[in-house]
Amino acid sequence: MNNDLSIPLEIDNSLIDGIVISEGNHPGKVTYISDTFYKLTGYSKEELAGMSALAIFKKIIYEDDYISFFSEMADAIEQKNDKVHITFRIVDKSGKIKWIEDIAKYTYDKDYNLSKSSIILLDVSYTKNIQINNDNRSVYQKAIIEASSFLVNPKTDSIPNVLKIILEITSATSVYIYINHSENNKIISNIEYFLSNNPNTEILPDYKRIDFKKEGLERWLDKFNNKEFIFGSMDIFPNDERIFLSKANFLYFTAFPIFFNKSLYGFVSLGYTDKSYKSGNSTFAFLNFMSRILSTFFMYRKNNKNLAIHSKYEKGLSMCSQLALENDDNVTNMILKVVSRTIPVQYLAVIENTDNNTRFKITHELSDSKQYINSSRSFKETFNPNVLLPILDDLSNGRIVMLKSDDFSHSLADMVKYKFNMQTFILIPFFVEGKWFGCISLGFHYINDNHILNKDSLFSLGNILGTYYSKKHFREALIKSNEELKEAIMTKDQMLSIISHDLKNPMNSILGFSSLITDIINTATDEDIQIASKSIDINDIQEYNNVIHQSSIELISLLENILIWSRTLRNKIHPMFTQTNIYEVCSTAIAINAGIVKNKRINIILEVPNNISIVLDMNMLKTIIRNLLSNAIKFTNEGKSIRISALQNKSTTTISIKDEGIGMSKDTLNHLFNKNDINSKQGTNGEKGTGLGLLVVDDFIKKMNGEIKVESTLNEGSTFQIIFPNDNTES
């Protein structure tokens, strides 16, 4: 190639930015390249040496203009035109894009075959960019006005229209909107809107939720908070960011922030999978306007949403107030349903303070999940130690508590995070008769949701529940009082029946037989006594005395049981736990009944080791053993045996009283401890009773955390077993 070849006279080399002359038909042998062409393209003579004209232009023409350039050239040659004018872009060696005005002149031989091509290039980038910027400014202004028009009547479906404008103006492949929220003291962004120029494009799973720290994108947050853009080709991004963005095959990427109430609310990202990427002041000014438009839209939407929620919530509170006046036990569930329909809450529960601020019970629950928190858990087990005391103090003093999932114990935190997907709970206390009774718990998926309602609105819900529970407890107390009154009247009637009937019999016996003895003594003279002593059997008088003695014992036992039962009904008896020797208690009961046992010639066998001790109320145990032994004696025939034994293992102590008496039927066993069906049968020697003894026994055993078992067979006998735990503690 000869660069000194003479240039046609019609070309002024000083006014042009490049000349390429070739001979022959395409691809054409290059015969001349001007020095200005090398300067224009940035390539050296050596780099272009030996290349055809077609190859040189293929190397420098911008990819998007390649087809149009060669098509116009081919059409001109095919139509035998002597020149053609083309505007196109080239990419110089440094990658800079330049606008070129091309004038190509063609010479043909006598057979009309192309013999020579002279291509003259002019760099018109400056003029073209001014024109493009003016055109872009006009396009951007129209787009901004169109996007702003959606703010007049903002609706949820307006955002896709704004994204469509952004996609069209920027020529991006896809556009995303992410909204931020906080999880475990980290900022997380969830995708809320997505639009692509390819309708078949789906959101990649990795892009649905962005954990900035996990993905190594903390730099983005710093940029966004400083109201800065993130943009450029993949090769300029740090490694972690490049790995994250390359999942979508992006070549270029742009992101800009959205603010709400002066805080970072989220961001918009634009991805490019081709070289249509646009940057520059005009583009960034346009995107900055879009950021402000979207921020304003989200503010409108949030405020309108909150206004709608407040309005709906106030109506819901009105319904709840009406429900609180009802007497239906299902009112609490109905209140929870009303609340769930009026505010965007994902979990609701009513928690009652059951044991002086140490345990609580979830009495009602409502959730969009089928799995629930364990409803029997202490505050100590539920909350982390460093938040426990402030929670109790705040709730008991009527303050609303807001908790994050990290405030719960480890096991419960896992449950609320992964099973409930809850990040925040609000606890609203309520009071009954001025005392902290419990709280209503509201669970939210995200922390941002907590700001929907103000504290006054939340307190109203707590007051409504407090009103309902106060009314409910008053109603329950009234019902309980009526039941206790009915029971007291019935008890009084039973008492009167016992006193008038069962108390009368032993008194008559004492009175009658003591009168016989008195008459004998008062009417007889000394001579009569001397004569009577020879004819009256002293055994008769002894028999009268035994009857009086036995009746006195029955009377004392009866009066004692009546007194104990009366005090028990009034809840006036409470156990005093002390170390108690079982052998001593059983021996005392046998001694008290020694006279009756001797008269009925009953053999009592005591098989209780003298070293068995247990923590019980000694006096209660004495009453239990005395009553059970008295019953065994009463229903055992003369000459039979009663066996008292005790057995102690690691966890329990069992006392057994087994008789060879008349036994009981299944029907009698079923009504043995029924306080509403008190009756007593006569003993084997006609002994009478009240039936109160077994009721006292049953009550005392329960008060000492024990249980009683009875086995009986008619005409064979009965066995009463008393079982006490060994872990009672002394008072």
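The values are calculated or read from the model by the stated rules, or taken from the named source; none is laboratory data. Keep in mind that this is a model prediction, so the values were computed, not measured. Backbone-built Cβ (ideal geometry, glycine too); neighbour counts: all protein chains shown.
Quick notes on this structure:
- Qualifying positions in the stretch 700-718 - of a type in the set (S, T, N, Q) and either under 22 Å from Thr580 (Cβ atoms) or outside the structural domain of Ile625 (by TED's automatic domain parsing) (or both): Asn705
- If you go through the stretch 422-436 and keep only what is touching a residue at least 12 places away in the same chain (Cβ under 8 Å), out of contact with any Leu (no Cβ under 9 Å at 6 or more places or on another chain) and in a strand (DSSP E or B), you end up with Phe431, Val432.
- For the stretch 248-274, the set of residues classified as assigned to a loop (DSSP other than H, G, I, E, B), in contact (Cβ under 8 Å) with a residue 60 or more places away in the chain and farther than 15 Å from Thr170 by Cα consists of Ala248 only.
Okay, residues lined up against (1) modelled with pLDDT under 85; (2) within 26 Å of Gly18 (Cβ to Cβ); (3) in contact with a Cys (Cβ under 8 Å, 6 or more places away or on another chain); (4) surrounded by fewer than 18 Cβ atoms within 10 Å (Cβ to Cβ):
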{"site": "Gln131", "(1), (2), (3), (4)": "yes, yes, no, yes"}
{"site": "Thr156", "(1), (2), (3), (4)": "yes, no, no, yes"}
{"site": "Leu163", "(1), (2), (3), (4)": "no, no, no, no"}
{"site": "Glu168", "(1), (2), (3), (4)": "no, no, no, yes"}
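Yes/no per residue for (1) outside the structural domain of Lys247 (by TED's automatic domain parsing); (2) at pLDDT 90 or above; (3) in a loop (DSSP other than H, G, I, E, B):
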site	(1), (2), (3)
Val175	no, yes, no
Asn180	no, no, no
Tyr193	no, no, no
Asn200	no, no, yes
Ile203	no, no, yes
Lys214	no, no, yes
Leu221	no, yes, no
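- Taking the stretch 191-206 as the range and being closer than 20 Å to His445 by Cα and surrounded by 14 or more Cβ atoms within 10 Å (Cβ to Cβ) as the test, the residues that pass are Ile191, Tyr193.
- Qualifying residue in the stretch 687-694 (condition: within 14 Å of Thr623 (Cβ to Cβ), assigned by TED's automatic domain parsing to the domain that holds Asp617, hydrophobic (A, V, I, L, M, F, W, C) and at pLDDT below 90): yes
- Search result, residues across the stretch 695-721 that are assigned to a strand (DSSP E or B), over 19 Å from Thr623 (Cβ atoms) and of a type in the set (Asp, Glu): Glu711
- Check on Asp240, assigned to a helix (DSSP H, G or I) and within 30 Å of the chain's Cα centre (by Cα): no
- Filter result for Phe298 (at pLDDT below 80 and farther than 17 Å from Ile169 by Cα): yes
- Residue count, the stretch 641-661 (criterion: in contact with a strand residue (DSSP E or B) (Cβ under 8 Å, 6 or more places away or on another chain) and not in a strand (DSSP E or B)): 3
- Scanning the stretch 36-68 for residues that are β-branched (Val, Ile, Thr) and in a helix (DSSP H, G or I), we see that the one that is surrounded by the fewest Cβ atoms within 10 Å (Cβ to Cβ) is Ile67.
- Yes/no for Leu245 being part of a helix (DSSP H, G or I) and under 36 Å from the mean Cα position of the chain (by Cα): yes
- For the stretch 597-617, the criterion of being touching an Asp or Glu at 6+ places or on another chain (Cβ under 6 Å), part of a loop (DSSP other than H, G, I, E, B) and within 19 Å of Ser552 (Cα to Cα) is met by at least one residue.
- Just one of the numbered conditions (1) at pLDDT below 80; (2) among the acidic types (Asp, Glu); (3) outside the structural domain of Met290 (by TED's automatic domain parsing) is not true of Glu72: (1).
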